[in-house]
Amino acid sequence: ERHAPSVPRAARPDRWTPRPRARHTWRVPLTLDLLRHGHAATPGPAGDALRPLTAAGRGALAHLARYLSDSGTHYELALTSPLTRAVETTEIVLRGVAPEPQCFALGELTPDAEIGTALVVIAAHANGAGHVLVVSHMPLLGELCSLLTADPATGFAPGELARIEFDGDVLPGAGRLVGTWRGERLG
């Protein structure tokens with residue numbers, strides 16, 4: 001009589017052993033709101049980086065924040081340029097929407113930032129977020145909007161917001177421009 005060699009149970013195939021399931025990756029739809037800072041004061045002795053918003057700029061942004069809140073906008077994340085006018089813009093808009101999201105000031109969102117670097121940083125931070133606010137400057141915002149939507153060059157007035165929707169990753173040409181809003185037109 002012949003016996004099968006002894007094989008440890010862990011090494012034997014067993015029809016009752018659960019097989020690994022196929023892994024599905026679900027893409028979270030992403031809405032990216034690109035917002036140019038509000039009207040800012042003219043540069044003074046402190047330089048361009050420290051220019052604050054004007055009273056008119058703050059007022060127009062308050063109208064935009066109210067509109068966003070009334071329309072049910074909820075941000076999971078906010079990314080802003082570290083320049084004073086962009087930080088002030090971010091604070092005004094986020095005060096109007098609740099709950100306030102986590103916010104990061106990024107040097108890659110300054111006016112002279114490289115578009116490729118800005119896109120990589122935005123995509124890395126936005127991964128898994130549903131709705132992201134990006135506050136920055138021209139010409140970077142116009143270039144980003146054009147690159148993401150594959151539309152011709154886009155200009156942004158101070159305090160103007162462009163909403164771009166993605167079905168998956170933040171990639172060139174993958175976004176759809178669904179609307180633009182300016183606070184001064186909403187007031």
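Quick note: the coordinates plus some simple rules give every number you see, no bench work behind them. As the structure is a computational prediction, the values presented were derived from the model and not from experiment. For neighbour counting, all protein chains shown are included, and Cβ atoms are generated from backbone atoms with ideal geometry for every residue, glycine included.
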Q) What fraction of the DSSP beta bridges in the stretch 67-177 is antiparallel, stated in percent and rounded to the nearest 5? A) 20
Q) What is the list of residues in the stretch 164-179 whose amide nitrogen lies under 18 Å from a point 7 angstrom out from the Cα of Asn127, following Cα to Cβ? A) 166-172
Q) Of Leu106, Leu50, Val134, which is farthest on the positive side of the dipole of the stretch 44-187, counting Cα position, with +1 on Lys and Arg Cβ, -1 on Asp and Glu Cβ, and the Cα centre as origin? A) Leu50
Q.
So, R0 is 35 Å and r is the distance between the beta-carbons of Ala49 and Asp167; what FRET efficiency does that work out to, to 0.05?
A. 0.45
(Q) Counting just the Cα atoms, what span does the stretch 115-187 cover along each of its three principal axes? Round to the nearest Å and put the largest first. (A) 34, 23, 18
Q. Amide H of His131: which non-local residues (sequence gap of 5 or more, or other chain) have their own amide H closer than 5 Å, using H built in the peptide plane?
A. Thr31, Glu76, Leu77
Q | Loop sites in the stretch 41-121: GluC sites (Glu not before Pro), DSSP, at most 12 other Cβ within 10 Å | A | Glu114
